[in-house]
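**Q** Dumping the structure here so I can ask a few things about it.
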2 protein chains.
Amino acid sequence: MAKNDRIVLREVTPEVIAAAKALMRGADHAALATLEPDTGQPLASRVGLATLDDGTPLIIASHLAAHSGALDADPRCSLLIGTVGKGEPLTHPRIMLVCRAEVIAAGSEAAAAGRLRYLATHPKAAIYVDLPDFRFFRLAVERASYNAGFGRAYALEGEMLVG
Amino acid sequence: MAKNDRIVLREVTPEVIAAAKALMRGADHAALATLEPDTGQPLASRVGLATLDDGTPLIIASHLAAHSGALDADPRCSLLIGTVGKGEPLTHPRIMLVCRAEVIAAGSEAAAAGRLRYLATHPKAAIYVDLPDFRFFRLAVERASYNAGFGRAYALEGEMLVG
């Protein structure tokens, strides 16, 4: 996360918030940064992504995935959302979310709602969403750094992006 | 990083290594996981990417970027490389590299070589590579997790991928 005294930040307008929310809600994958248990080494892995009704990011993870055990040991994580098109990769918008992961209890109403949301974005996940080895996590957004293109950076609070 | 006792890993063949190296060397961007100074929070940010002659990943970072100060405070980091095409995002190959970042001293022969390699991949970076605010980092690869598609996972050592 950028420190306010080190980075040139632009004013956060309603249009900026709307664009950041659209980026989050339109994504079907992200890079997830977690902390490796025991070593504390940061790890970057790919996750399939959906959002809950309020815009909170939702992932599903097998116990076999490195990030599954990492989130159990330390729920602090970060999502990088945004795809890269043609030309210079840093000219394409992306958002870094600083999150705290929470397991959605299997069999709960929240899990049923998350399952529907996830399948709406990832219909082919039907082959594994109900396996006992898989769990849904909601990634509560604490703060974010939105970059609308090279040098166009904004610092956002989590409550601006969800709800 | 997957623990060997928790994940189903496939045998690493020369073909697997060649495919992983091609993925690394063909990439022009990646997600970089670093540790936020003071908090230890993992952060996921986008970086432009090139490789040195031996295949070692090379990035350039402004002091304004959050990951620049993060790598100064703790050189441990991770790169996620691989783009997502059509269909389910988890069916597309990607590699997670566990790395240690090293600043390439400005004015050194290594910096001159890195500059040429970076500009070959990112010609438009010519407008900022020589600014005093920017530094090159080589990301020495310690180990990797290569995923050639859903459920096709391989654990690799750094020396298999560089040199």
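**Q** Out of the stretch B:1-29, which residues are modelled with pLDDT of 95 or more and facing chain A (nearest Cβ under 8 Å)?
**A** Scanning the stretch B:1-29 gives B:Asp28, B:His29.
**Q** Please count how many residues of the stretch B:118-150 are out of contact with any strand residue (DSSP E or B) (no Cβ under 9 Å at 6 or more places or on another chain) and in contact (Cβ under 8 Å) with a residue 60 or more places away in the chain.
**A** The total comes to 1.
**Q** When you check A:Asp74 against the structure, is it surrounded by fewer than 15 Cβ atoms within 10 Å (Cβ to Cβ) and either more than 7 Å from every other protein chain (Cβ to nearest Cβ) or over 24 Å from B:Pro75 (Cα atoms) (or both), yes or no?
**A** no
**Q** Can you pull out the residues in the stretch B:70-88 that are part of a loop (DSSP other than H, G, I, E, B), closer than 16 Å to B:Ala27 by Cα and of a type outside the set (A, V, I, L, M, F, W, C)?
**A** Hits for the stretch B:70-88 are B:Gly82, B:Thr83, B:Gly85.
The rows are residues; the columns are (1) among the β-branched types (Val, Ile, Thr); (2) assigned to a loop (DSSP other than H, G, I, E, B); (3) at positive phi; (4) in contact with a strand residue (DSSP E or B) (Cβ under 8 Å, 6 or more places away or on another chain).
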site	(1), (2), (3), (4)
B:Ala18	no, no, no, no
B:Lys21	no, no, no, no
B:Met24	no, no, no, yes
B:Ala31	no, no, no, yes
B:Thr34	yes, no, no, yes
B:Ile59	yes, no, no, yes
B:Ser68	no, no, no, yes
B:Leu90	no, no, no, yes
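**Q** Another one. Considering only residues that are more than 13 Å from the chain's Cα centre (by Cα), touching a residue at least 24 places away in the same chain (Cβ under 8 Å) and more than 14 Å from every other protein chain (Cβ to nearest Cβ), which ones fall in the stretch B:77-109?
**A** Once the filter is applied, which keeps residues that are more than 13 Å from the chain's Cα centre (by Cα), touching a residue at least 24 places away in the same chain (Cβ under 8 Å) and more than 14 Å from every other protein chain (Cβ to nearest Cβ), the stretch B:77-109 yields B:Val103, B:Ile104, B:Ala106.
**Q** Go through the stretch A:37-46 and give me each residue that's surrounded by fewer than 22 Cβ atoms within 10 Å (Cβ to Cβ) and either of a type outside the set (Ser, Thr, Tyr) or more than 19 Å from B:Leu71 (Cβ to Cβ) (or both).
**A** A:Pro37, A:Asp38, A:Gly40
**Q** From the set of residues in the stretch A:37-59 that are among the small types (Gly, Ala, Ser) and without any contact (Cβ under 8 Å) to a residue 60 or more places away in the chain, which is nearest to the other protein chains (Cβ to nearest Cβ)?
**A** Across the stretch A:37-59, the extreme among qualifying residues is A:Ala44.
The values are calculated or read from the model by the stated rules, or taken from the named source; none is laboratory data. What you see is a predicted model, and the numbers here were worked out from it, not measured in a lab. Note: ideal-geometry Cβ built from the backbone for every residue, glycine included; neighbour counts use all protein chains shown.
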